[in-house]
Amino acid sequence: MSAIRRKFGEDYQVVNTNRGMTFSAPVKRKRQRFVEKNGRCNVQHGNLGGETSRYISDLFTTLVDLKWRWNLLIFILTYTVAWLVMASMWWVIAYIRGDLSHGGHDSSYTPCVANVYNFPSAFLFFIETEATIGYGYRYITEKCPEGIILFLFQSLLGSIVDAFLIGCMFIKMSQPKKRAETLMFSQDAVISQRDGKLCLMFRVGNLRNSHMVSAQIRCKLIKSRQTPEGEFLPLDQCELDVGFGTGADQLFLVSPLTICHEINTKSPFFDLSQRSLMNEQFEIVVILEGIVETTGMTCQARTSYTEDEVLWGHRFLPVMSLEEGFFRVDYSQFHNTFEVPTPPYSVKEQEEKSSLTSPNPLPVAQTPTSPPLGNGGRGGRRERLLSADCADHIEDQVHRLPSKLQCMGSTKEEHLRRGLKSGTALPGERASSTGDLPLSIRRLRSSSIPVARQGQPEEQVQLLALDADPGEGELEKHRLPPAFSSITAPTPTSVQIPLAGGRPEDNLPAKLRRMNADR
């Protein structure tokens, strides 16, 4: 039998040994919980060694943490022992002084405590004094200094014992642990879509009419893991975001609420799918804290959900209904769920699938056409003309580029800006670099460019792309902002403006040439 267990492991169970060796399917063991469903932490401390003295140093908290049966036993034993010890001390004083031998028949004798003849009478005297009953039959006389000192000691000791034990019992009775039992959590957690996003959800409710002031909820994921360095972390705790950044973790717990954890790239369930959920081992610990409205004490309720208690593709049934003049909560449907269509894939798989099926290419602005440049430019490619008034706008667009690109073209852009504003002549093939895209600047005369609008400046600037590789030109378009993508030339070749003569005056009309000749 031991050899079979070593071979197949402890997860297999041997059945029907009389008819041969037969093996059943692997039996999944019961999940060991870190926190029980009622909120009790399943942790025991052992091998403390010399650290047990710390419990004695904090005796009050130790007594409060004890169970009720031990508290009652300590309460009764403490008072009983104190009464018997103090009564014995009074009896010893009476015995030493000889008060017991007189028996109370001699009226001329003055005892330490009147009418104390034996131990029962001494015990009754102590009870009457301690409980401040004082029947008046037994009392201390002035001729007993040791009795007066013992009486003072008895009063001080009785006050200390009363304060300690009664205070301990009061704190234990006023603990809000029972208040936590009226805070409900759903039996299962669910995973489904909400607002188009995959979410982990569970439900909380308050059975009492008294509110939980400043109620706040937190979630911890308990899961063992191994670091890249090889360190094994048993029961590693990871925070689950339930709305800390948006304030959704602050609850107004008047009616049952559904707490939602959005599964995104920052969530530890980013790669959790319906299939992988069956093989995972984790525990979600939920902690609800708040101030009890009636007592003002802080209350904490806890529960946990293991991987078997997380239902994929389910949603909670509604429990709120509108009645005549009030809202009604049906707690019979508090734990019930129903199935809803939910993708069985993880958020990571859905994002990878969406990125492959529907890629989003970068938009390239269309280059608007300009009026034809003479007869020679009528059949060629058209280029966008920028007037000198747009120089400031170009400068603003350039400053939007990254700092590294601005530094690369800062020198030539300065010459461009000065030339546009001053109106001085620029060289015909003077190149200027705007970021990573080389441009050619030419000064065109108004005689060769027809004017499309009134008030258009006489001189215009044309930005032409220099000769470059077509693939690199397309890449440079994507690197520039949309405003610069719209002004780049579609072709690497520039448009040549035909000239009638070797001089600029030869392009003027005949009438203007005659006027110049007369001058």
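Quickly run through the range 285-301 and pick out the residues that are buried (at least 20 other Cβ atoms within 10 Å of the Cβ) and closer than 14 Å to residue 219 by Cβ.
285, 286, 288, 301 - these are the residues of the range 285-301 that are buried (at least 20 other Cβ atoms within 10 Å of the Cβ) and closer than 14 Å to residue 219 by Cβ.
Does at least one position in the range 185-202 carry a residue that is in a helix (DSSP H, G or I) and surrounded by 17 or more Cβ atoms within 10 Å (Cβ to Cβ)?
no
Please enumerate the residues belonging to the range 247-257 that are open to solvent by 50 Å² or more (accessible area, probe 1.4 Å) and either assigned to a loop (DSSP other than H, G, I, E, B) or among the β-branched types (Val, Ile, Thr) (or both).
The answer is 248, 252, 254.
Select from the range 203-234 the residues that are of a type in the set (S, T, N, Q) and open to solvent by 40 Å² or more (accessible area, probe 1.4 Å) and write down the one among them that is modelled with the highest pLDDT.
216
Can you list the helices (runs of 4 or more DSSP H) lying wholly within the range 34-100 that have 2 or more residues being in contact with a helix residue (DSSP H, G or I) (Cβ under 6 Å, 6 or more places away or on another chain) and open to solvent by 50 Å² or more (accessible area, probe 1.4 Å)?
68-97
So for the range 121-143 (the condition being part of a helix (DSSP H, G or I), touching a Gly at 6+ places or on another chain (Cβ under 8 Å) and at pLDDT below 90), does at least one residue qualify?
yes
Return the only residue of 267, 304, 273 being open to solvent by less than 20 Å² (accessible area, probe 1.4 Å), under 21 Å from residue 37 (Cβ atoms) and of a type in the set (Ser, Thr, Tyr).
The conditions single out 304.
Would you be able to tell me the number of residues in the range 309-348 that are loosely packed, with under 14 Cβ neighbours inside 10 Å, touching a residue at least 60 places away in the same chain (Cβ under 8 Å) and assigned to a helix (DSSP H, G or I)?
1
Report whether or not residue 156 is more than 60 Å from the chain's Cα centre (by Cα), within 30 Å of residue 73 (Cβ to Cβ), open to solvent by 70 Å² or more (accessible area, probe 1.4 Å) and not basic (Lys, Arg).
In short, no.
The values are calculated or read from the model by the stated rules, or taken from the named source; none is laboratory data. Small disclaimer: the values here were computed from a predicted structure and weren't measured. FYI the Cβ positions are ideal-geometry reconstructions off the backbone, even for glycines, and counts take in every protein chain you see. We work out accessible area using only protein heavy atoms, side chains counted, and drop any ligands, DNA or RNA first. Shrake-Rupley method; radii C 1.70, N 1.55, O 1.52, S 1.80 Å.
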